[in-house]
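Q: One structure, as structure tokens, below. Some questions next.
Just so it is clear, none of the values below were taken in a lab; they were calculated from the coordinates. The shown structure was predicted, so the numbers you read here are calculated from the model rather than taken from an experiment. With ideal geometry, Cβ positions are generated from the backbone for all residues, glycine too; neighbour counts draw on all protein chains shown.
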Amino acid sequence: MGGRKKRRHGRNGKRSLPFEPWTVLIAQCGFEYDFELPENEIARNNLESLTKMKMDTKVLFAALHPEIKNTTFSTDFLLKYYNINQTDVQRHRALGDSLLISILLS
């Protein structure tokens, strides 16, 4: 039978997004840009705030390589540093950048 899905509600009574408890949100430069976008939309739609763990690959790289200084840890820099071929991936699109970040983390 095709019933309606139950809406999830958070502790504060606001509707929450359907993330699993173990979900980790991952982005490149997330704290500077990417994480702010969904938070703004969540607030605008009166949804429960994201309290999930967030990982920024730029911050992660800086923590793993404190010896590298005076460099912007852009996606291009990380791809060159790890010698990852990006010629077949369309950059600056959600799917392409997500694929490249997943390769960086693998």
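Q: Tell me the mean residue ellipticity at 222 nm calculated for the chain from its helices only (DSSP H runs of n ≥ 4, each -39500 (n - 2.57), averaged over every residue, nearest 500). Can you show the working numbers first?
A: Details: 4 runs with 36 residues, N = 106.
Estimated from H runs of four or more residues: -9500 deg cm²/dmol.
Q: While we're on this one: List the GluC sites (Glu not before Pro) in the stretch 24-106 that DSSP assigns to loop (not H, G, I, E or B) and whose Cβ has at most 11 other Cβ atoms within 10 Å. Which are they? If you can, show how the numbers build up before the last one.
A: Numbers: sites: E32, E36, E39, E41, E48, E67; in loops: E48, E67.
Qualifying residues, ordered by number: E67.
Q: Please state, rounded to one decimal and in Å, the Kirkwood hydrodynamic radius that the stretch 24-105 gives when every pair of distinct Cα atoms enters the mean of 1/r.
A: In the stretch 24-105 this quantity evaluates to 14.0 Å.
Q: Under the rule that an exposed site lies in a DSSP loop and has at most 11 other Cβ atoms within 10 Å, name the longest stretch of the chain with no chymotrypsin sites (Phe, Trp or Tyr not before Pro) of that kind, not counting the sites themselves.
A: Result for the longest clean stretch: 23-81.
Q: Charges at C-beta only: +1 for Lys and Arg, -1 for Asp and Glu. How large is the resulting dipole of the stretch 24-105 about its Cα centre, in Debye rounded to 20?
A: For this selection, approximately 160 debye.
Q: Once label points are set 7 Å from the Cα along Cα→Cβ at both E20 and S74, what is their separation, rounded to one decimal in nm?
A: Once both label points are built, they end up 3.5 nm from each other.
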